[in-house]
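Trainee: Below you will find the structure I want to go over with you.
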Amino acid sequence: MERLQKVIANAGVASRRKAETLIQTGHVTINGKVVTEMGIKVEGSEHIEVDGVPLTRERKVYYMLYKPRQVISAVTDDKKRPVVTEYLEDIPERLYPVGRLDYDTSGLLLLTNDGDFANMLMHPKYKVDKTYVAKVSGIPTPDMLRQLRKGIVLEKRKTAPAKTKIISTDRRKNTAIISITIHEGMNHQVKNMLAAVGLPVSKLKRETYSFLTLDGLVSGEYRALKPIEVAEFKKMAELSEKPRHKNRK
């Protein structure tokens, strides 16, 4: 069961707040009857109309894209730069990116029309790990890695501890490639964390999103998530919601 205003919003008719106004002002009918009270829930079999136009409910779809660099993680861009949805133009459903990758960052990006699924993945309480590979200026020292693993204060807030690993170093060019795993989603977080310890990033790529990897994709390609993958994400959320009881002696 879902609230009526949410169903209207998910169908793309209006925002949730505007949908509430449409309901209150008598523009919505369920099975031919005008409804104006808030809080009504529907199960999916009802015939819903807004101003006499039947509501078409999209099937929920889930995709992963290997986002290229210099592409915006959005549906539109006022500067006319390329956006991620242009790579899935043959998909009939309206898709939205789950979170974002910076304009000059490449890698694994999820897109869906399932708002609950997107919100679940982006909420920090679910602690969905995301692994990035960064090319940095400088050679990481044990102290730098230790700082990252303890957490970095960014904008008066300390990040959660990160997992880090040196992949390679080039002492002649004074550069290194390292992997860093986080579960938060602050703006420019990985770049800012690395810069804070003296390792400015010149190139960044997200390689994994929880158990998902880019295997089998090249830059600009996408694939649908398998039902078992969608179910695994939802299972992870359910497990994190369960209260943890301490053993009593």
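Trainee: Could you tell me whether V190 is under 22 Å from P68 (Cβ atoms), in contact (Cβ under 8 Å) with a residue 40 or more places away in the chain and under 18 Å from the mean Cα position of the chain (by Cα)?
Mentor: yes
Trainee: Collect the residues in region 102-143 that are under 28 Å from R172 (Cβ atoms) and open to solvent by 40 Å² or more (accessible area, probe 1.4 Å), keeping them in residue-number order. Break it down stepwise before answering.
Mentor: Our first condition is that a residue be under 28 Å from R172 (Cβ atoms); within region 102-143, this holds for 104-107, 131-143.
Those that are under 28 Å from R172 (Cβ atoms) and open to solvent by 40 Å² or more (accessible area, probe 1.4 Å): D104, K135, S137, T141, P142, D143.
Trainee: So, in region 167-186, of the ones that are of a type in the set (G, A, S) and touching a residue at least 12 places away in the same chain (Cβ under 8 Å), which residue ends up nearest to E207 (Cα to Cα)?
Mentor: Initially, region 167-186 is screened for residues of a type in the set (G, A, S), giving 168, 176, 179, 185.
Imposing the further condition that a residue be touching a residue at least 12 places away in the same chain (Cβ under 8 Å) reduces the set to 176, 179, 185.
Details: A176: 17, S179: 9, G185: 15 Å.
This residue is S179.
Trainee: Within region 174-195, can you find the residues that are of a type in the set (A, V, I, L, M, F, W, C) and in a strand (DSSP E or B)? Spell out the reasoning first.
Mentor: Our first condition is that a residue be of a type in the set (A, V, I, L, M, F, W, C); within region 174-195, this holds for 176-178, 180, 182, 186, 190, 193-195.
Residues satisfying the conditions are A176, I177, I178, I180, I182.
Trainee: Which ones in region 74-87 are in contact (Cβ under 8 Å) with a residue 24 or more places away in the chain, in a helix (DSSP H, G or I) and either exposed (fewer than 13 other Cβ atoms within 10 Å of the Cβ) or of a type outside the set (F, W, Y) (or both)?
Mentor: The first filter runs over region 74-87 and keeps only residues in contact (Cβ under 8 Å) with a residue 24 or more places away in the chain, leaving 74, 84-85, 87.
Subset that is in a helix (DSSP H, G or I): 84-85, 87.
Selection gives V84, T85.
Trainee: Answer yes or no as to whether E49 is over 30 Å from K203 (Cα atoms) and either touching a Ser or Thr at 6+ places or on another chain (Cβ under 6 Å) or in the same structural domain as S202 (by the TED database) (or both).
Mentor: yes
Trainee: Hey, P54 hits all of (1) open to solvent by 20 Å² or more (accessible area, probe 1.4 Å); (2) farther than 30 Å from R3 by Cβ but one; which does it fall short on?
Mentor: P54 satisfies all of (1) open to solvent by 20 Å² or more (accessible area, probe 1.4 Å); (2) farther than 30 Å from R3 by Cβ except (2).
Trainee: Next question. Of the residues that sit in region 196-224 and are closer than 19 Å to R149 by Cα and in a loop (DSSP other than H, G, I, E, B), which one is most open to solvent (accessible area, probe 1.4 Å)?
Mentor: Only one residue fits best here, namely P200.
Trainee: I want to confirm something. Restricting to region 144-191 and keeping residues that are open to solvent by less than 60 Å² (accessible area, probe 1.4 Å) and among the polar types (S, T, N, Q), which single residue is nearest to K130 (Cα to Cα)?
Mentor: Step by step, filter region 144-191, then rank; the result is T181.
Trainee: If only one of D90, D143, D51, D116 is under 21 Å from T159 (Cβ atoms), free of Cβ contacts under 8 Å to residues at least 60 places away in the same chain and out of contact with any strand residue (DSSP E or B) (no Cβ under 7 Å at 6 or more places or on another chain), which one is it?
Mentor: D143 is the lone residue from the list that is under 21 Å from T159 (Cβ atoms), free of Cβ contacts under 8 Å to residues at least 60 places away in the same chain and out of contact with any strand residue (DSSP E or B) (no Cβ under 7 Å at 6 or more places or on another chain).
Trainee: Only one of (1) within 23 Å of the chain's Cα centre (by Cα); (2) farther than 19 Å from Y209 by Cβ fails for N119. Which number is that?
Mentor: (2)
The values are calculated or read from the model by the stated rules, or taken from the named source; none is laboratory data. Every value quoted in this text rests on a predicted model; they were computed, and no experiment measured them. Cβ sites come from the backbone with ideal geometry, for glycine too, and all protein chains shown count toward neighbours. With ligands, DNA and RNA removed, areas are computed over all heavy atoms of the protein, side chains included. Shrake-Rupley method; radii C 1.70, N 1.55, O 1.52, S 1.80 Å.
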